[in-house]
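Visitor: This is the structure I want to talk about, given as structure tokens.
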Amino acid sequence: MLYSYQQQHYMKFLGIVKKQLKEHGIAEYRANQIFKDVFHNGIDTYDEMTTLPAYVKDFVKENVPIYSIVPHTENNSDNGNTHKVLFTLEDGNTIEAVLMRFEDGRNTVCVSSQVGCAMNCRFCATGTLKFKRNLTYEEIADQVLYFAVKMKKEGQRVNHVVYMGMGEPLLNYKQVEKSIDLLRDKTALHIGSRNITVSTCGIVPEIKRFSNDFQQVNLAVSLHAPNDRIRNTIMPVSKQFPLENLMDACREYTEKTHRRITFEYVMLHDINDGEKEAHELARLLRGMLCLVNLIPYNETAIKKIQGSSSKRINTFKSILESNGIQVTKRVSLGQDIDAACGQLARKQ
Ligand code: SF4
């Protein structure tokens, strides 16, 4: 089988495509036309590429797929800010990705890195799907390309990517690494390193590796508890990598990269959202170059866990702030379209 179109171009293998076209009696410059249509003109079907004659279209349609993933179900939130897509993979598995448009101009795509997830966090819909396999770097990057092409048609671009969808990215390190390289390719999507964020539930050795390999890429850590006792009850990974080791690895990241680390903290009623926990978290993070992102819980039907009230979230936030910790409260987009990770795929 031929390399997919994207792989050849992203990896600067344009020459290989040209050679293949040439072998079939097709002029090499057709590869450039296709590339320009996809990445610069936002056209992702060969039929719409008016510069291509019929015999070229027939060849590429048959041999050079533009995407390695196929959209299956699409949902838009009522306010139009969130667009979630369930994609089918070549082996029939499904994954999901979300485009979020923020008022400050950020157009962020949240990508999946695995089919299902082995981490089994108690509050997460993906955790119930069971791990099936790692995604390839093409399958990861194509989630971004899909939305990027759509936005191009509107005269806009995807400018941020977060690895916060299905799966634990650092357990698929090699493919995630390659997908980041694709996204940063200046000739294609050209997403800046500083606009890419990889989120982990706390795989300590891989955080250390990430600190060495990606000094410009942002790291987010799903903390969700200020101590091992609570963390063990909601995140099984913490039994393998206790908080002390995790915080050491996080400090190493900030020291090496001089970049602020984001700690994600999902607000769960009566589990991790009390004043006591807020003070404990403030002590844990004292002196660190960090930001805490409080996440209102998107309640799922399968988990009998309740999200914290706005009042409790605000109190928690004030305690952290009064201790000198930088805090944001995540804007909850798209609750009406099952935007919590794994919800759409689970329905499928
Ligand atoms: S929160 Fe992330 S790491 Fe935990 S089960 Fe869900 S997808 Fe996996």
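Visitor: Only helices (runs of 4 or more DSSP H) wholly contained in the range 203-271 count here; list those with 1 or more residues that are away from the ligand (no atom under 15 Å from the Cβ). Talk me through it step by step, then tell me what you get.
Guide: Working: elements: 204-213, 228-234, 237-240, 243-257.
Of the helices (runs of 4 or more DSSP H) lying wholly inside the range 203-271, those with at least 1 residues that are away from the ligand (no atom under 15 Å from the Cβ) span 204-213, 228-234, 243-257.
Visitor: Does any residue of the range 229-246 turn out to be under 18 Å from T197 (Cβ atoms) and open to solvent by less than 20 Å² (accessible area, probe 1.4 Å)?
Guide: There is at least one residue in the range 229-246 that is under 18 Å from T197 (Cβ atoms) and open to solvent by less than 20 Å² (accessible area, probe 1.4 Å).
Visitor: Filter the range 90-106 down to residues that are open to solvent by less than 10 Å² (accessible area, probe 1.4 Å) and either more than 16 Å from the ligand (Cβ to nearest atom) or not assigned by TED's automatic domain parsing to the domain that holds V198 (or both), then give me how many there are.
Guide: 1
Visitor: Can you name the condition, by its number, that S193 falls short on among (1) modelled with pLDDT of 95 or more; (2) over 24 Å from A148 (Cα atoms)?
Guide: Of the numbered conditions (1) modelled with pLDDT of 95 or more; (2) over 24 Å from A148 (Cα atoms), the odd one out for S193 is (2).
Visitor: Shifting gears a bit: If I ask for residues that are over 16 Å from V237 (Cβ atoms) and within 6 Å of the ligand (Cβ to nearest atom), which ones from the range 118-137 would you list?
Guide: Once the filter is applied, which keeps residues that are over 16 Å from V237 (Cβ atoms) and within 6 Å of the ligand (Cβ to nearest atom), the range 118-137 yields nothing.
Visitor: Given the structure, is H190 farther than 30 Å from Y67 by Cα and either open to solvent by less than 10 Å² (accessible area, probe 1.4 Å) or outside any helix (DSSP H, G or I) (or both)?
Guide: No: the conditions fail for H190.
Visitor: Then there's this: Consider only pairs whose beta carbons are under 9 Å apart and that are at least six residues apart or on different chains; among these, list those whose first residue lies in the range 229-246 and is outside the structural domain of I207 (by TED's automatic domain parsing) and whose second residue is of a type in the set (V, I, T) and at pLDDT below 95.
Guide: Close Cβ pairs satisfying both conditions: none exist.
Visitor: L183 - would you say it is more than 14 Å from the ligand (Cβ to nearest atom), in the same structural domain as L291 (by TED's automatic domain parsing), buried (at least 22 other Cβ atoms within 10 Å of the Cβ) and under 25 Å from D104 (Cβ atoms)?
Guide: Details: more than 14 Å from the ligand (Cβ to nearest atom): yes; in the same structural domain as L291 (by TED's automatic domain parsing): yes; buried (at least 22 other Cβ atoms within 10 Å of the Cβ): yes; under 25 Å from D104 (Cβ atoms): yes.
So L183 fits the description; yes.
Visitor: Has the range 53-63 got at least one residue that is surrounded by 21 or more Cβ atoms within 10 Å (Cβ to Cβ) and farther than 20 Å from Y29 by Cβ?
Guide: no
Visitor: Might you check whether a residue that is open to solvent by 50 Å² or more (accessible area, probe 1.4 Å), over 20 Å from Y265 (Cβ atoms) and small (G, A, S) occurs anywhere in the range 154-166?
Guide: So far as the range 154-166 goes, yes, one or more of its residues are open to solvent by 50 Å² or more (accessible area, probe 1.4 Å), over 20 Å from Y265 (Cβ atoms) and small (G, A, S).
Visitor: Here's a follow-up. I'm told E177 meets every condition in (1) free of Cβ contacts under 8 Å to residues at least 60 places away in the same chain; (2) within 13 Å of the ligand (Cβ to nearest atom); (3) not aliphatic (A, V, I, L, M) except one. Can you identify the failing condition by its number?
Guide: Here E177 meets the rest and fails (2).
Visitor: Let me ask you something else. What do you reckon, is V115 surrounded by 21 or more Cβ atoms within 10 Å (Cβ to Cβ) and more than 16 Å from the ligand (Cβ to nearest atom)?
Guide: Numbers: surrounded by 21 or more Cβ atoms within 10 Å (Cβ to Cβ): yes; more than 16 Å from the ligand (Cβ to nearest atom): no.
Judged against the criteria, V115 is not a match.
Visitor: Only residues that are within 16 Å of the ligand (Cβ to nearest atom) and β-branched (V, I, T): list them for the range 188-202, please.
Guide: Keep residues of the range 188-202 that are within 16 Å of the ligand (Cβ to nearest atom), which gives 197-202.
Result: T197, V198, T200.
Visitor: Could you please give the count of residues in the range 140-174 that are closer than 14 Å to V111 by Cα, of a type outside the set (S, T, Y) and within 16 Å of the ligand (Cβ to nearest atom)?
Guide: Restricting attention to the range 140-174, the residues satisfying the condition of being closer than 14 Å to V111 by Cα are 140-148, 158-170, 172.
Then keep just the ones that are of a type outside the set (S, T, Y); that gives 140-145, 147-148, 158-162, 164-170, 172.
Now narrow it down to the ones that are within 16 Å of the ligand (Cβ to nearest atom): 140, 143, 162, 164-170, 172.
Total meeting the criteria: 11.
The values are calculated or read from the model by the stated rules, or taken from the named source; none is laboratory data. Here the structure is a predicted model, which is why all the values come from computation and not from measurement. Cβ atoms come from the backbone with ideal geometry, glycine included; neighbour counts cover every protein chain shown. Calculation scope for accessible area: heavy atoms of the full protein, side chains included, ligands and nucleic acids excluded. Shrake-Rupley method; radii C 1.70, N 1.55, O 1.52, S 1.80 Å.
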